[in-house]
Every structure is written in C-alpha cells, then in structure tokens.
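Below is one structure, written out as structure tokens, with a few remarks after it.
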Amino acid sequence: MSVRVRFAPSPTGYLHIGGARTALFNWLYARRTGGKFVLRIEDTDTARNTQEAMDAIIGGLHWLGLDWDEGPVTGDATGASRGDRGPYFQSQRKADYEQRVEALLFRDLAYEHEGAIKFRMTREPVKIPDLICGDVVRELTDREAEDPDFVIVRSDGQPVFHLVNVVDDLDMGITHVIRGEDHLSNTSKHIALFNAFGVEPPKFAHIPLILTQDGKKMSKRFEGSSIQYYQENGYAPEAVTNYISLLGWTHPEQKDVFLAKEIAEIFDLPQIHRANAKFDHDKLKWLNFEHIKSMGDDRYYELSTHALSDSGVDTKSHPIDYVKAALDTVREKIKTFTEVPNFSAFYFHDVSEYDEKAMGKSFIPENVEPIEKLKSALQSLSSFDPLAIESVLKSTASELGMKPGKLIHPTRLACTGSTVGPSLYHLMEVLGREKVIARLSAAQERMKKE
RNA sequence: GACCCUAUCGUCUAGUGGUUAGGACACCGCCCUUUCACGGCGGGAACCGGGGUUCGAAUCCCCGUAGGGUCGCCA
C-alpha cells in the first residue's frame, strides 16, 4: 500500500514554524517513500478562521517549496483543488460527517447529550503504537475517569476536531499521521474512533515540539514563530527548511548544510529524536549565510534585487551587468538579504548622506589636497581595476607621507557614505572611474565646509 | 489534580554495555586584513540526582527531580 500523508492546518493564525516543520516532515516522508502529500484545511471552527490566515498558510508552504499532491490550489474553500479524495476543506465535507455520526448513533456508539452528540469512549487503557515514541499506553486521567465520553458534534450541529480529523484521515486513505507531540495524548480518542468505524488506524508518528530559547512554548506573539517573519527578514527558504529539519533529525553523515530535496532521499521516521528542541536563531542565521554562499548566481541576484526593491532601491534603471557586479561584491558579506541594501544601496543612487561620526574624522579641510592628488592619480590610471586602484591609493598616500588608512577611510566614506561595505578597491572598480571621481569631488566640498 | 512524552557542552545533536564522550552553532584567544565581514589555527564547555543490574554503564531497570504536552461544545 502506498504512503499517503497529510498536513492539516487550521486557518486560525499564521503558518507557525512548528507547523512548517510538521509539513516538512510529512513532505519528506511522502517524497522519500514515493507516496502522496495531501494538504487538508481544518476549518470547522468558522468563528476563528480567516482568509488572511488561509493565504499565509498556502503562501508559506509555497515559499518553503513544500508542494502538495492533493489539496486546494488556492485559499478559497469553494475554489479549485487537485486530487480525487476531496473536498479538502472540512467546511465542505459536512455531509460525510453527518453520515458517519448517523452510523455511530445507530449502533449506539454515540448518543445525544443536551443537544450535542457524545462518543462512547472506551474505559480501557489504549495502546498507541508510535513510530517515534514506541508503544505508548494511555490511561484515563482522573477527569476522564468521571466521564470519558467526549463531544463529537456541537449543539449547533458543527462537528468537532476529533471526529472530523479521524473521518477525513479515513476517507482520504491516510496511512501515516505525522503531527506534533501535542496530539499524542489525544490519539487514544482517535484510535477509539477508528475502531468504532471498524477500520484499522493509520500509523502514528508524533514529533517533538519546538520551544523558545528559554524553553517556553512558542506563542503567536513570539517573534519568529511565524514563517512570515523569515520571509520578511531576508531568509532563504532553503535555509529555513534546512534548519527546522535539524530540530529533531540528524543527517546520517552528520552534515549540517543541505537542501530539503537531498534529505528527501534518505529521510525516515524512526530516526527522529524524541525530546523537544529549543529554537536557536544564531544557527539559522549561519545556515542562511551558508546557503547564500552556495546558491546559484541567478537565485542570489533574484533574492538580492527583491530585497533592494523592498527597501526602495531601484536597480531596474541600471545595466544588468552593473547590478550583478555590484551584488557580487556583497555576497559573502551578508547573513540575511535584508542586509543587502545596507551594503550595496550606494551603487544605485548618489551618496548625499554620510556617517556622522566618520565625517568628523575624515571630512576635514586637511584632506582636500590629498583627495585632489588621488583624483589625478586615478585619472591617469590606464586600467581601472582593483589591483591598480589599490596600488595608486597606497603610493599616493606614501608620496604624501601619510598612512594608507588616512586616505582609504575618507575615500570609502566618499564613495559609499559609510564606514562599512564591500572591499574598497572592488567597489571602486564596479562604481567606475567617473562616479568615483564625482563622489570624491562632492566629498571635497564637504571637507571645505567643516 | 490525573495522564503522557522527554532528559549528553549555553543551543542543536552523535553515541545503543568497554570512546581521551565526537561534530556543528555560539563564545574566548591568536593569525590574516589598514572598512565590516569571511577564512585559518587553538581553547574552555556536557552525560540532572539517587539506587540497582553487570567484571564494566551516558547507554538497561526503578525512584526522585526538572522541562514539555494533554485532560474543551479550540484545533
């Protein structure tokens, strides 16, 4: 029997980082086994569902590159979908649930209680075979011992999570339920329901949770709990999937940097670590840096220009080769794409503002003359390349009897407006002689005013 | 309160009865570099506690302790 797994988010918030990891593990398992990955939307709580959340989930999954074989195409519950086991929105499956409940009622496995319908839960301990946790025997808690039965249909007629989750998994032929460990205790209810329907439950695999650095549950308010945070803060999706896969799973060769599609060939469930993991932002950032270094040129240019345009820098009006050359000089300097504008915006517009502190040190009247000398030396250069620029900078300084740094710092500030940035000689080459001379001249005017 | 899961450096983890307890991130030091980074080399840093089992436990068992989860007409 071929594997069918599903990711079943509820559109009541955003795509949580933990949910993203659950989706990733499901996706990996489907890809590894050649099975199907189903996306199902658990929107039974109409009061709490929002279209915004729906779009964030679909968008987030797309962004992460976790494509689904069956499920909605868009966030519209009545819109198009892929697959022949739909509808994939629970809000569209009411008739199925009603039928199932009727059957339960008919066989006295459920009963009406104050307008709601409750399921007759077994009083016996339930064995939960789990691919990650092993066999878990779940006994009744003290409260459950008083009344183990639980509501499966609200008094307003709306079916409840436990019921719809089981019915859908059953109807959709789900073979493996891979979900967060927060569902482990509830699984006894689900198994009892599967038994009541006379079918064998799917295999279960409960994965540990992701906690904050101080070991607390990641609430919606925690910065970074939503995938959107990473989309907006300069992270490459491949770094994010790489990082979250490392929370609870280890590459057999102990590798740290890899692509999700690489793990898709070796991933398996029993290897998953059983303890919760704390989220380490530093390691994610490092992985992002690694992926920026190793991604293809075009992808790097694309993500960088996006970051630039997001911050209001227009690259479109510049020749493509100029843009690429400029971006090449910042590639190994950035850890996130949001840093790209800081390091490269000066390439795309004139410098009119300078670092205040540095200006006090570099833009002084005494520097007007040295910069003048440098300009003429630069003018006479036959080739405006990094090596030639470097040697001119140093020889000019030495002729003037000043330390190279005394000339280099004002030059950098003049060219970029900042004290940090790409390699000075390379940046000057990319900028081109004309712009460099112009910016040097503009800086001289500032120096006279000081 | 009850039930369930878990427990190796600060963090993610390797380890499945015999290892100088390994790696990565982070941190510290040195080198490289007249920007900021990168990089190179080196360093500190862990088996929660107590009982067993065994010739021998990080590894197996029990009891504590701690953390997390669940016990909804939320999902």
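Close Cβ contacts (under 6 Å, 6 or more residues apart or on different chains) running from residues in segment A:203-231 that are farther than 22 Å from A:Asn26 by Cβ and in contact (Cβ under 8 Å) with a residue 12 or more places away in the chain to residues that are surrounded by 15 or more Cβ atoms within 10 Å (Cβ to Cβ) and aliphatic (A, V, I, L, M) comprise A:Thr212/A:Met218.
Can you tell me which residue within segment A:9-57, out of those that are hydroxyl-bearing (Ser, Thr, Tyr) and touching a Pro at 6+ places or on another chain (Cβ under 8 Å), is nearest to RNA strand B (Cβ to nearest atom)?
Here is the first cut: in segment A:9-57, the residues hydroxyl-bearing (Ser, Thr, Tyr) are A:10, A:12, A:14, A:22, A:29, A:33, A:44, A:46, A:50.
Now drop any that are not touching a Pro at 6+ places or on another chain (Cβ under 8 Å), which leaves A:44, A:50.
Working: A:Thr44: 4, A:Thr50: 13 Å.
Only one residue tops the list, namely A:Thr44.
If you go through segment A:398-429 one residue at a time, how many are among the aliphatic types (A, V, I, L, M) and buried (at least 20 other Cβ atoms within 10 Å of the Cβ)? Write out each step before concluding.
Quick first cut of segment A:398-429, residues among the aliphatic types (A, V, I, L, M) only: A:400, A:402, A:407-408, A:413-414, A:420, A:424, A:427-428.
So of that shortlist, the ones also buried (at least 20 other Cβ atoms within 10 Å of the Cβ) come out as A:407, A:413-414, A:427-428.
Count: 5.
Of all the listed residues (A:Ala116, A:Ala110, A:Ala95), the sole one being touching a residue at least 24 places away in the same chain (Cβ under 8 Å) and more than 7 Å from RNA strand B (Cβ to nearest atom) is A:Ala110.
The numbered conditions (1) under 12 Å from the mean Cα position of the chain (by Cα); (2) closer than 20 Å to A:Phe343 by Cβ; (3) more than 11 Å from RNA strand B (Cβ to nearest atom) are all true for A:Lys285 except (3). Annotation note: Cβ proximity below 8 Å between a residue of segment A:251-277 that is surrounded by 13 or more Cβ atoms within 10 Å (Cβ to Cβ) and a residue that is of a type in the set (Ser, Thr, Tyr) and part of a loop (DSSP other than H, G, I, E, B) (sequence gap 6+ or interchain) occurs for A:Gln271/A:Thr250; A:His273/A:Thr250.
The one condition from (1) within 13 Å of RNA strand B (Cβ to nearest atom); (2) in a strand (DSSP E or B) that A:Ala145 does not meet is (2). Confirm whether A:Phe348 is touching a residue at least 12 places away in the same chain (Cβ under 8 Å), more than 14 Å from RNA strand B (Cβ to nearest atom) and over 35 Å from the mean Cα position of the chain (by Cα). No, not satisfied.
Where helices (runs of 4 or more DSSP H) fall entirely within segment A:366-434, those with at least 2 residues that are among the charged types (D, E, K, R) and more than 16 Å from RNA strand B (Cβ to nearest atom) are at A:368-379.
Within segment A:357-373, not a single residue is buried (at least 17 other Cβ atoms within 10 Å of the Cβ), under 30 Å from A:Pro319 (Cα atoms) and among the charged types (D, E, K, R).
With respect to being over 22 Å from A:Leu193 (Cβ atoms) and either surrounded by fewer than 12 Cβ atoms within 10 Å (Cβ to Cβ) or within 12 Å of RNA strand B (Cβ to nearest atom) (or both), A:Gly79 fits the description. Residues considered: A:Gly173, A:Gly198. Of these, the only one that is free of Cβ contacts under 8 Å to residues at least 60 places away in the same chain, more than 13 Å from RNA strand B (Cβ to nearest atom) and out of contact with any helix residue (DSSP H, G or I) (no Cβ under 7 Å at 6 or more places or on another chain) is A:Gly198. So how many residues does segment A:188-232 have that are out of contact with any Lys or Arg (no Cβ under 7 Å at 6 or more places or on another chain) and assigned to a helix (DSSP H, G or I)? Residues flagged as out of contact with any Lys or Arg (no Cβ under 7 Å at 6 or more places or on another chain) and assigned to a helix (DSSP H, G or I) within segment A:188-232 amount to 14.
Does segment A:167-187 include one or more residues that are farther than 26 Å from A:Arg274 by Cβ and part of a loop (DSSP other than H, G, I, E, B)?
Step one: of segment A:167-187, the residues farther than 26 Å from A:Arg274 by Cβ are A:167-168, A:170-173.
Filter again for part of a loop (DSSP other than H, G, I, E, B), leaving A:172-173.
The answer is yes; a qualifying residue exists.
Scan A:Val240, A:Val257 and give me the residue that is β-branched (Val, Ile, Thr) and part of a loop (DSSP other than H, G, I, E, B). None of the other options fit; the residue is A:Val257.
When you scan segment A:203-233, how many residues do you find that are of a type in the set (Gly, Ala, Ser) and either away from RNA strand B (no atom under 14 Å from the Cβ) or touching a Cys at 6+ places or on another chain (Cβ under 6 Å) (or both)? Write out each step before concluding.
The first filter runs over segment A:203-233 and keeps only residues of a type in the set (Gly, Ala, Ser), leaving A:205, A:215, A:219, A:224-226.
Next, from what is left, pick out any that are either away from RNA strand B (no atom under 14 Å from the Cβ) or touching a Cys at 6+ places or on another chain (Cβ under 6 Å) (or both): A:226.
Residues in segment A:203-233 being of a type in the set (Gly, Ala, Ser) and either away from RNA strand B (no atom under 14 Å from the Cβ) or touching a Cys at 6+ places or on another chain (Cβ under 6 Å) (or both): 1 in total.
If I filter segment A:258-278 for residues that are within 15 Å of the chain's Cα centre (by Cα) and more than 13 Å from RNA strand B (Cβ to nearest atom), do I get at least one hit? Among the residues of segment A:258-278, at least one is within 15 Å of the chain's Cα centre (by Cα) and more than 13 Å from RNA strand B (Cβ to nearest atom), which makes the answer yes.
When the criteria are applied in full, A:Thr74 fails the requirement of being outside any strand (DSSP E or B), touching a Pro at 6+ places or on another chain (Cβ under 9 Å) and of a type outside the set (A, V, I, L, M, F, W, C).
Any residue at all in segment A:344-352 that's more than 20 Å from A:Lys406 (Cβ to Cβ), among the polar types (S, T, N, Q) and crowded, with 18+ Cβ neighbours inside 10 Å? Yes, segment A:344-352 contains at least one residue that is more than 20 Å from A:Lys406 (Cβ to Cβ), among the polar types (S, T, N, Q) and crowded, with 18+ Cβ neighbours inside 10 Å. Here the condition is being exposed (fewer than 12 other Cβ atoms within 10 Å of the Cβ) and either outside any loop (DSSP other than H, G, I, E, B) or touching a helix residue (DSSP H, G or I) at 6+ places or on another chain (Cβ under 6 Å) (or both); of A:Val137, A:Val101, A:Val151, A:Val164, it holds for A:Val137 alone.
All of the numbers you see were taken from the coordinates with simple rules; none came from a lab. Note that the structure is a prediction, hence the values are computed from the model and not measured. FYI the Cβ positions are ideal-geometry reconstructions off the backbone, even for glycines, and counts take in every protein chain you see.
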